[in-house]
Amino acid sequence: MQGQKNRPTREELEEDQFLAWVLEAVEYVKERSQLFIGAAAAIVVAILAIAYVQSAREEARVEANTLLGQAIMADEGGQLDEVVRHCEQLTTRYSGTPAAAQATVLLANRYFAQGRYSDAERLYQAYLDDYGEIGVLEYAAWTGLAACYEAQGDAQRAGEQYLSYATRRGDDMQAALALLDAARCFAAAGDRARARESLKRVTRDFGSAPVASRAREELSML
């Protein structure tokens with residue numbers, strides 16, 4: 001499983017630049033303390049400033065996680081309006097946090113379930129642009145985009161999306177599942193050659209896995 005590679009928001013970058021500036025200022029004062037009256041006081045102020053920024057970050061993460069928990073509970077309870085409300089708050093107020101990453105995909109899923117395919121597509125793409133690769137969330141976003149294309153009648157594009165994901169993932173089991181979906185979409189689009197090619201990749205690269213048996217069955221029906 002690949003590690004998380006969140007991309008920082010503009011606010012976090014500004015905070016990091018501020019912290020870097022403060023640390024440089026501390027070093028400058030320490031090296032030339034004999035030239036400055038109140039150098040110790042300056043260092044104390046700098047340390048307090050760093051502590052304040054870090055505390056604010058941690059508080060935001062705690063608030064974001066709490067809001068995500070409320071969204072998940074609402075989702076399990078079938079309260080779709082509450083899910084949308086909590087997730088929209090997370091993606092706008094806490095952008096860049098791990099909780100916001102999960103909320104982005106969760107909100108996209110709810111939009112898809114409501115038939116709001118353009119909104120779902122926008123959020124799946126936003127996740128991929130802003131948060132990078134986080135295992136199952138990456139899979140949900142890539143395949144969510146494919147599902148949006150398919151739901152809107154573009155089976156060929158959906159197949160290409162599934163195939164792109166499978167190529168990115170190499171030989172893990174999520175790649176095998178994506179190849180099966182790619183084959184289904186290509187077949188629906190009338191591209192039987194691409195469908196067979198995708199299924200053959202499953203039998204070749206995942207020959208000992210249960211999905212290989214399914215791929216062979218589908219090959220026999222093409």
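Tell me, which residue of region 171-195 that is surrounded by fewer than 17 Cβ atoms within 10 Å (Cβ to Cβ) and over 19 Å from the mean Cα position of the chain (by Cα) is nearest to residue 117 (Cα to Cα)? If we take residues in region 171-195 being surrounded by fewer than 17 Cβ atoms within 10 Å (Cβ to Cβ) and over 19 Å from the mean Cα position of the chain (by Cα), then 188 is nearest to residue 117 (Cα to Cα). I'm trying to understand the selection: among the residues of region 52-78, which are at pLDDT 75 or above and loosely packed, with under 15 Cβ neighbours inside 10 Å? Matches in region 52-78: 62, 66, 69, 73, 76, 77, 78. Pairs are defined by a Cβ separation below 6 Å, a sequence spacing of at least 6 or placement on different chains, a first member in region 66-79 that is touching a residue at least 12 places away in the same chain (Cβ under 8 Å), and a second member that is surrounded by fewer than 16 Cβ atoms within 10 Å (Cβ to Cβ); the pairs so defined are 74/82.
Considering every residue within region 116-130, establish whether at least one is assigned by TED's automatic domain parsing to the domain that holds residue 82, among the hydroxyl-bearing types (Ser, Thr, Tyr) and either modelled with pLDDT of 95 or more or surrounded by fewer than 20 Cβ atoms within 10 Å (Cβ to Cβ) (or both). Yes, region 116-130 has at least one match. Residue count for region 139-170 satisfying the condition of being assigned to a helix (DSSP H, G or I) and either over 17 Å from the mean Cα position of the chain (by Cα) or in the same structural domain as residue 204 (by TED's automatic domain parsing) (or both): 18.
The values are calculated or read from the model by the stated rules, or taken from the named source; none is laboratory data. Please read all numbers here as calculations on a predicted model, not as lab measurements. Using ideal geometry, Cβ is built from the backbone for each residue, glycine included, and neighbour counts are taken over all protein chains shown.
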